[in-house]
1. Would you mind stating whether residue 66 is out of contact with any strand residue (DSSP E or B) (no Cβ under 7 Å at 6 or more places or on another chain), under 30 Å from residue 152 (Cβ atoms) and not in a loop (DSSP other than H, G, I, E, B)?
2. Considering (1) more than 19 Å from residue 77 (Cβ to Cβ); (2) part of a helix (DSSP H, G or I), say which one residue 25 fails and leave the rest.
3. Looking at (1) farther than 19 Å from residue 252 by Cα; (2) without any contact (Cβ under 8 Å) to a residue 12 or more places away in the chain, which one does residue 53 not meet, given that it meets all the others?
4. Within the stretch 44-51, is there a residue that is farther than 20 Å from residue 22 by Cα, buried (at least 17 other Cβ atoms within 10 Å of the Cβ) and at pLDDT 95 or above?
5. Can you give me the number of residues within the stretch 184-208 that are farther than 17 Å from residue 226 by Cβ and either touching a residue at least 12 places away in the same chain (Cβ under 8 Å) or surrounded by 21 or more Cβ atoms within 10 Å (Cβ to Cβ) (or both)?
6. From the list 219, 239, 228, which one is part of a helix (DSSP H, G or I), touching a helix residue (DSSP H, G or I) at 6+ places or on another chain (Cβ under 7 Å) and modelled with pLDDT of 95 or more?
7. Out of the stretch 155-180, which residues are touching a residue at least 24 places away in the same chain (Cβ under 8 Å) and assigned to a loop (DSSP other than H, G, I, E, B)?
8. Taking the criterion of being surrounded by fewer than 20 Cβ atoms within 10 Å (Cβ to Cβ) and closer than 17 Å to residue 193 by Cα, would at least one residue in the stretch 245-263 satisfy it?
């Protein structure tokens, strides 16, 4: 007889990272069926393993969210695959610290200037894209000075970024898409197919901001419409996946939100092993 698997917060965070990257097909993203030239499935799996001490600390002893995000990046940026989970860490660290969405909201409300500075230190270690028009550019020392002068908290930084970044927006809207993803997972049953279904429903309704930064807003909106056509039955999922991979269209922000949604759903009893 199968027993329910009881996982701690750190284990759930690791499982969420692993389950998301292994689910397929998620159009344009690395999964068990295809890699990108410089970033492969094993890079994502390695990051899920290497970050465990950070999640353990967050669960067992707490800590400041900015420093934990920085430590997560430092532990996972040593491989050749580049940034794999920066956006996921932005969501998972407050969730693991707080336990669930409500707890994460309290963590976010308690951020301070040092959290913001640690976050910018983490950002500087990645190759995450920023918009050229972004006043608070992580690559500009004047931006860090401006953050100090204004006394901005990490919550302030996320609020500043929210109009252009859907991961940052989760910090300002109470993890709305994370909650929606978890609800979709419950609604679609269990296992890999539920992850793909949840991912596709969000992709079909939200322009992915990672695509927008890399290819432009029009490309993000076109990808959203094409995903909706898949759900309507007028476009083939496998062909859509192939087209996205060929064009380098990678819905990375929605992948990060999917990871957070899986974490939340696992804590609510959602089953992955079916």
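The values are calculated or read from the model by the stated rules, or taken from the named source; none is laboratory data. Since the model is a prediction, treat every value here as computed from it, not as a measurement. With ideal geometry, Cβ positions are generated from the backbone for all residues, glycine too; neighbour counts draw on all protein chains shown.
1. yes
2. (2) is the only condition that residue 25 fails.
3. (2)
4. no
5. So the answer is 10.
6. Details: 239 fails: touching a helix residue (DSSP H, G or I) at 6+ places or on another chain (Cβ under 7 Å); 228 fails: touching a helix residue (DSSP H, G or I) at 6+ places or on another chain (Cβ under 7 Å).
Selected residue: 219, the only one of 219, 239, 228 that is part of a helix (DSSP H, G or I), touching a helix residue (DSSP H, G or I) at 6+ places or on another chain (Cβ under 7 Å) and modelled with pLDDT of 95 or more.
7. Those that are touching a residue at least 24 places away in the same chain (Cβ under 8 Å) and assigned to a loop (DSSP other than H, G, I, E, B): 164, 165, 174, 175.
8. No, because not a single residue in the stretch 245-263 is surrounded by fewer than 20 Cβ atoms within 10 Å (Cβ to Cβ) and closer than 17 Å to residue 193 by Cα.
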